[in-house]
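Here the structure is laid out as structure tokens; the discussion comes afterwards.
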Amino acid sequence: MNQIASVYIATSLDGFIAREDGDLDWLTAANKSVPEDEDCGFYAFMKTVDALIMGRKTFEKVLSFGKWPYGDKPVIVLSRNKLEIPENLSRIVSWSSESPQELSNRLAKKGAKRLYIDGGITIQRFLSAGLVKDLTITVIPVILGRGRPLFGDVKHDISLRHIVTKAYDFGFVQSTYEVEDNA
Ligand SMILES: NC(=O)c1ccc[n+]([C@@H]2O[C@H](COP(=O)([O-])OP(=O)(O)OC[C@H]3O[C@@H](n4cnc5c(N)ncnc54)[C@H](OP(=O)(O)O)[C@@H]3O)[C@@H](O)[C@H]2O)c1
């Protein structure tokens, strides 16, 4: 299948993507030190993405921002229960309870070449299914001690190839890895 699934996410130094209650206050605070013209590669990454897949919890958090950040890119939200999609997003956001493999196959048939996978549990599910091809992780200089983890249990080691690391003056450290084919 000529399709890749990518992760692009920020974590605390100790590997959390949100506090236990989902709060991102630590990320919002850290972003205050980022120059206005710096997006840590997000725009360039988004230009390569054909569709986003996110977990229901991430979707709800994004909705709470008030401003939809993904333009008109198709977004598929994974939940075990049918989701109500706000009317103003109904043309671009859809709900699915498909497995990572089923969803990837369906989107590949529709021509989606690069998928952006978001949300900790959702990333873990796609990693476990062997579908994630690359990860770009921006480490924020803060230790939270507890929270929602980016990674979880894996059935076997997942070997990665380090591609690049960029250290920003404001303290963020962004590394990109590719998942080894035979991991
Ligand atoms: N730091 C960052 O850059 C960053 C990026 C993204 C997200 N976040 C934060 O991370 C938090 C969300 O991450 P998360 O790990 O808690 O959750 P998530 O991956 O966003 O969503 C988890 C949800 O996925 C659904 N799901 C799980 N298994 C499923 C299955 N077998 N079939 C269908 N759907 C399934 C479930 O929805 P149901 O319970 O409805 O079934 C589950 O609650 C939020 O606070 C968000 O703001 C941070």
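The values are calculated or read from the model by the stated rules, or taken from the named source; none is laboratory data. What you see is a predicted model; the values in this text were computed from it and never measured. We place every Cβ from the backbone using ideal geometry, glycine too, and count neighbours over all the protein chains shown.
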When segment 49-65 is checked residue by residue, the ones that are within 11 Å of the ligand (Cβ to nearest atom) and in a strand (DSSP E or B) are Leu52, Ile53, Met54, Gly55
Can you confirm whether segment 151-162 contains a residue that is surrounded by 17 or more Cβ atoms within 10 Å (Cβ to Cβ) and in contact (Cβ under 8 Å) with a residue 40 or more places away in the chain? no
Condition check for Ala108: over 17 Å from the mean Cα position of the chain (by Cα), at pLDDT 95 or above and either away from the ligand (no atom under 15 Å from the Cβ) or surrounded by 12 or more Cβ atoms within 10 Å (Cβ to Cβ) (or both) = yes
When segment 1-14 is checked residue by residue, the ones that are surrounded by 16 or more Cβ atoms within 10 Å (Cβ to Cβ) and either within 11 Å of the ligand (Cβ to nearest atom) or under 20 Å from Tyr168 (Cα atoms) (or both) are Val7, Tyr8, Ile9, Ala10, Thr11, Ser12
Within segment 71-85, residues being within 12 Å of the ligand (Cβ to nearest atom), part of a loop (DSSP other than H, G, I, E, B) and either among the aliphatic types (A, V, I, L, M) or at pLDDT 95 or above (or both) number 5
Flagged in segment 135-169 as within 27 Å of Ala44 (Cβ to Cβ) and more than 16 Å from the ligand (Cβ to nearest atom), in numbering order, are Ile158, Ser159, Leu160, Arg161, His162, Ile163, Val164, Thr165, Lys166, Ala167, Asp169
Every listed condition ((1) of a type in the set (A, V, I, L, M, F, W, C); (2) part of a loop (DSSP other than H, G, I, E, B); (3) within 13 Å of the ligand (Cβ to nearest atom)) holds for Trp68 save (3)
